[in-house]
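Structure first, commentary second.
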Amino acid sequence: VELPYRPATLLTGKGTANHRRSIHTIFAIEMINVLIGGVNVPGGVLGISTNYKKRWGIQADADGINLSPNGTYWHFGAFDSYPARPVQKPMTYGLFDLTPCNSFSDNFWPISMENPKKFGLNYDIEFFITAHTNPIAGYISPLLMAELFKKIKFVLQFALEINEATEMADLVLPNAHWAERCDPFANLPFKFQGVGEQDWYWFFRRPMVQPPNPEIKHWMDIMLEIYDRVGCMPDLLNWCNILWSLKPENAFDPQKKYTRLEMYDHFMKDRHGVGIDYYEKSGTQVLTMKKEVDEKYPGPFVPGRYNIFMEYWIKAGEDVKRVVTEMGLEKEWDTDDYKPLLDWSPGRSFEPKGDYDLHLVNYKTAVHSGSWSMNNPVLLEIGHTYPWIYGVMIHPDQAKRKGVNDGDEIWIESEYGYRAGGRAHVTEGIHRDCIGISGVGGRLAYGEPVGRKEGPSWNMFFGQHLDNMDKMNSSLDSAIRVKIYKA
């Protein structure tokens, strides 16, 4: 079989996603891969293999446009951006019903949580369950998020550490550490279904050590017990049959009770032909299987075409405009981006605003990963060998104009009225009109003394503001206008 060779790839990331009109920017960049025929071919951009073991594959609709298995079967537990979904008044706090051309809308929930009735939500969040995440520190201003959490009647947190979310919870249950768990699902399934020359593989994680107390369990074991006690286990099993696309011989009986490992065993036998017993008997950690050529590079084998001119956005935008007008939100929920030709538009921070003359940007470092690693003393020690990681990057020209010297304590105040302190690091490694903050520092939890108040966090300067969000995909615009002055 002869395959096209396209030694060129364009990828998007955090920089393109964190802007008010990010969906146009992302689609425009990724579209170049489509135009040069570089999707899932040798040398091109390689994604998830939709031809995984001939289970699904891409289908085409009546117009000849490719349909992803995301949207047609939910095999990866996600929605797709095409075709557009029906628009209606929101039923959930994520306002997903107002984003018909996107896969998620999670960033809207703090806004709707502040004023549910504004969005036609006639119920309050009474019970909130969180695991492996920190919604207090990881969204917008942690002080504002803490106020929103106070509105929830009961918060259950499965915890590995004492962080901001843990300290706001009504009930905290210890969660087994990844090194203490038996995890046939070490990652999401699609992580192991990549395109390329490598074999199919599935990683099985066994516990390396035992928990210090036998009462410490995998959080999903506890959740399954909760589902069973409240009587919704049949609904969960039915959804698993659909989401996992289980064959009849591997499907769950909604009237039976399954353990977590038994459920994983059904999935693995259905997806890979072997279950947990294979790993136990062979002593292996990884199952590998050979790929065929259309599984390695499915790009040339898709039956249809890709959208280039987003004609379906026109009707979707009209539907969104009609619904938000009925809700009285037409002035706040703009629909200008529902235009078929991909384009770039400036974000709100391009507009001057009083003496807020600088753009606040955030960036990643090699030392830290989000908020998770800020309480690691080894990583913190390494981080302190680089003056910019916990400092505030400022260009020499701006530092001179503001009368700020390297190492000075400064105040940063955003256009939204939020203020936090930091230590100036004067460097030419940043644009003269910007100041930069890395990661999610400035931790506030008393249970995290190692990382507590180590540098500021970008999240401290942003609240719930629809005018600074992409209404098509809920992206937060990370370019915020600020002013600085010496403390």
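The values are calculated or read from the model by the stated rules, or taken from the named source; none is laboratory data. Given the structure is predicted, the values throughout are model-derived calculations rather than measurements. Positions of Cβ are generated from backbone atoms using ideal geometry, with glycine treated the same way; all protein chains shown enter the neighbour counts.
For the range 461-474, name all the residues that are in a loop (DSSP other than H, G, I, E, B) and either surrounded by 24 or more Cβ atoms within 10 Å (Cβ to Cβ) or of a type in the set (D, E) (or both).
Quick first cut of the range 461-474, residues in a loop (DSSP other than H, G, I, E, B) only: 462-465, 470-474.
If the condition is that a residue be in a loop (DSSP other than H, G, I, E, B) and either surrounded by 24 or more Cβ atoms within 10 Å (Cβ to Cβ) or of a type in the set (D, E) (or both), then D470, K471, M472 are the ones that fit.
Do we find that K353 is over 20 Å from N163 (Cβ atoms) and outside the structural domain of K471 (by TED's automatic domain parsing) in this structure? Let's see the steps before the verdict.
Working: over 20 Å from N163 (Cβ atoms): yes; outside the structural domain of K471 (by TED's automatic domain parsing): no.
In short, no.
Just give me the residues in the range 135-161 being over 22 Å from the mean Cα position of the chain (by Cα) and either modelled with pLDDT under 90 or in a loop (DSSP other than H, G, I, E, B) (or both), in sequence order.
K150, K151, I152, K153
Of all residues in the range 144-159, how many are closer than 22 Å to K217 by Cβ and surrounded by fewer than 16 Cβ atoms within 10 Å (Cβ to Cβ)?
Result for the range 144-159: 1.
Residues being in a helix (DSSP H, G or I) and not aliphatic (A, V, I, L, M): count how many of those fall in the range 269-302. Break it down into steps so the answer makes sense when it comes.
Within the range 269-302, the first condition is being in a helix (DSSP H, G or I), and the residues that meet it are 269-272, 276-282, 293-296, 299-301.
After this cut, where a residue has to be not aliphatic (A, V, I, L, M) as well, the list is 269-272, 277-282, 294-296, 299-301.
Selection size over the range 269-302: 16.
Give the residues of the range 101-125 that are assigned to a helix (DSSP H, G or I) and under 20 Å from T325 (Cβ atoms), sorted by residue number.
If the condition is that a residue be assigned to a helix (DSSP H, G or I) and under 20 Å from T325 (Cβ atoms), then F108, I111, S112, P116, K117, K118, F119 are the ones that fit.
Could you list all residues from the range 100-125 that are surrounded by fewer than 18 Cβ atoms within 10 Å (Cβ to Cβ) and either touching a strand residue (DSSP E or B) at 6+ places or on another chain (Cβ under 7 Å) or at pLDDT below 90 (or both)?
We begin by selecting, within the range 100-125, every residue surrounded by fewer than 18 Cβ atoms within 10 Å (Cβ to Cβ); these are 103-104, 106, 114-118, 122-124.
Residues satisfying the conditions are S103, F104, D106.
Kindly list the number of the only condition in (1) of a type outside the set (D, E); (2) touching a helix residue (DSSP H, G or I) at 6+ places or on another chain (Cβ under 9 Å); (3) without any contact (Cβ under 8 Å) to a residue 60 or more places away in the chain; (4) surrounded by fewer than 16 Cβ atoms within 10 Å (Cβ to Cβ) that fails for Y201.
Among (1) of a type outside the set (D, E); (2) touching a helix residue (DSSP H, G or I) at 6+ places or on another chain (Cβ under 9 Å); (3) without any contact (Cβ under 8 Å) to a residue 60 or more places away in the chain; (4) surrounded by fewer than 16 Cβ atoms within 10 Å (Cβ to Cβ), Y201 violates only (3).
Is it the case, given these coordinates, that I242 is among the aliphatic types (A, V, I, L, M), surrounded by fewer than 16 Cβ atoms within 10 Å (Cβ to Cβ) and not in a helix (DSSP H, G or I)? Steps first, please.
Working: among the aliphatic types (A, V, I, L, M): yes; surrounded by fewer than 16 Cβ atoms within 10 Å (Cβ to Cβ): yes; not in a helix (DSSP H, G or I): no.
Criteria not met by I242.
Pick from the range 440-455 the residues that are closer than 24 Å to A399 by Cα and surrounded by fewer than 23 Cβ atoms within 10 Å (Cβ to Cβ): which of them is modelled with the highest pLDDT?
Taking the candidates together, the pick is E454.
Show the residue pairs that are 6+ apart or on different chains and have beta-carbon atoms under 9 Å apart, the first residue being within the range 175-192 and exposed (fewer than 15 other Cβ atoms within 10 Å of the Cβ), the second being in a loop (DSSP other than H, G, I, E, B) and at pLDDT below 80.
W178/A186; L188/F76; L188/G77
Looking at the range 445-460 only, could you name the residues that are part of a loop (DSSP other than H, G, I, E, B) and either out of contact with any Asp or Glu (no Cβ under 6 Å at 6 or more places or on another chain) or not assigned by TED's automatic domain parsing to the domain that holds E413 (or both)?
Hits for the range 445-460 are Y446, G447, E448, P449, V450, G451, K453, E454, G455, P456.
So how many residues does the range 413-439 have that are at pLDDT 90 or above and part of a strand (DSSP E or B)?
Selection size over the range 413-439: 14.
For the structure I just gave you, tell me whether P207 is modelled with pLDDT under 95 and either surrounded by 17 or more Cβ atoms within 10 Å (Cβ to Cβ) or under 29 Å from the mean Cα position of the chain (by Cα) (or both).
Yes; evaluated as a whole, the condition is true for this residue.
Only one of these is part of a strand (DSSP E or B), over 30 Å from T99 (Cα atoms) and touching a His at 6+ places or on another chain (Cβ under 8 Å): M374, M393. Name it. Give the steps one after another, and end with the answer.
Numbers: M374 fails: part of a strand (DSSP E or B).
Only one candidate qualifies: M393.
Would you check if there is a residue in the range 287-301 being within 30 Å of A62 (Cβ to Cβ), among the aromatic types (F, W, Y) and modelled with pLDDT of 95 or more? So that I can check it myself, show each step before the final result.
Initial filter on the range 287-301 (within 30 Å of A62 (Cβ to Cβ)): 292-301.
Filter once more, so that each one left must be among the aromatic types (F, W, Y): 297, 301.
Still in the running and modelled with pLDDT of 95 or more: none.
No - not one qualifying residue is present in the range 287-301.
Looking only at the range 176-195, decide whether some residue is of a type in the set (A, V, I, L, M), at pLDDT 90 or above and farther than 30 Å from P90 by Cβ.
Yes - at least one qualifying residue is present in the range 176-195.
From the list T12, T25, pick out the single residue that is polar (S, T, N, Q), surrounded by 14 or more Cβ atoms within 10 Å (Cβ to Cβ), touching a Ser or Thr at 6+ places or on another chain (Cβ under 6 Å) and under 20 Å from S81 (Cβ atoms). So that I can check it myself, show each step before the final result.
Values: T12 fails: touching a Ser or Thr at 6+ places or on another chain (Cβ under 6 Å).
Just a single option satisfies the conditions, and that option is T25.
If we scan the range 332-346, do we find a residue that is closer than 30 Å to W411 by Cβ and not β-branched (V, I, T)?
For the range 332-346, residues closer than 30 Å to W411 by Cβ and not β-branched (V, I, T): present.
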